[in-house]
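The values are calculated or read from the model by the stated rules, or taken from the named source; none is laboratory data. Note that the structure is predicted; figures quoted are calculated from it, not measured. When we count neighbours, we look across all protein chains shown, and the Cβ atoms used for this are built from the backbone with ideal geometry, even at glycine. Accessible surface is based on the protein model in full, side chains and every heavy atom, while ligands, DNA and RNA are left aside. Shrake-Rupley method; radii C 1.70, N 1.55, O 1.52, S 1.80 Å.
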Amino acid sequence: QVQLVESGGGLVQAGGSLRLSCAASGRTVSDYAMGWFRQAGGKEREFVAAISWSGNMYADPVKGRFTISTDNAKNTVYLQMNNLKPADTAVYYCAAKGELTRMIIARTYAYWGQGTQVTVSS
């Protein structure tokens, strides 16, 4: 099993940047496909980005603005978010799964962090 802890959320103005971190323990992140999801109030959890040995994936609304990366030495996954928009406001979750399939589907991930709030003001 792997335990995930997110950090780095906060309040930022539109156009600003934040970097979210997801620290893993118990197993190494390179053993998993790692994903970032977000959930705004009253909405379903949606895919943001994923990373594995086979490459990176991004949701269309964040392409060109967000970058997912890993630091294997720190066993941490990052989500660099630039040019933030009010529509990016949500709780952001880090997740892990063993299979490199259906990586955009939240219910296929076995492990989740507790989430970190990102609020973008206009």
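Brief remarks follow.
- Selection status of A96, outside any loop (DSSP other than H, G, I, E, B), among the small types (G, A, S) and under 15 Å from the mean Cα position of the chain (by Cα): yes
- Note on the range 102-122: residues that are open to solvent by 30 Å² or more (accessible area, probe 1.4 Å), in contact (Cβ under 8 Å) with a residue 24 or more places away in the chain and outside any strand (DSSP E or B) total 4.
- Residue match in the range 83-91 (condition: touching a residue at least 60 places away in the same chain (Cβ under 8 Å), within 21 Å of S122 (Cβ to Cβ) and of a type in the set (D, E, K, R)): yes
- Of all residues in the range 19-42, those satisfying the criterion of being part of a loop (DSSP other than H, G, I, E, B) and farther than 16 Å from Y78 by Cα are G26, R27, A40, G41, G42.
- Scan of the range 73-101 for residues that are within 17 Å of G55 (Cα to Cα), open to solvent by 10 Å² or more (accessible area, probe 1.4 Å) and of a type in the set (D, E, K, R), ordered by number: E99
- Enumeration of residues in the range 21-54 that are open to solvent by less than 60 Å² (accessible area, probe 1.4 Å), under 17 Å from T119 (Cβ atoms) and small (G, A, S): A40
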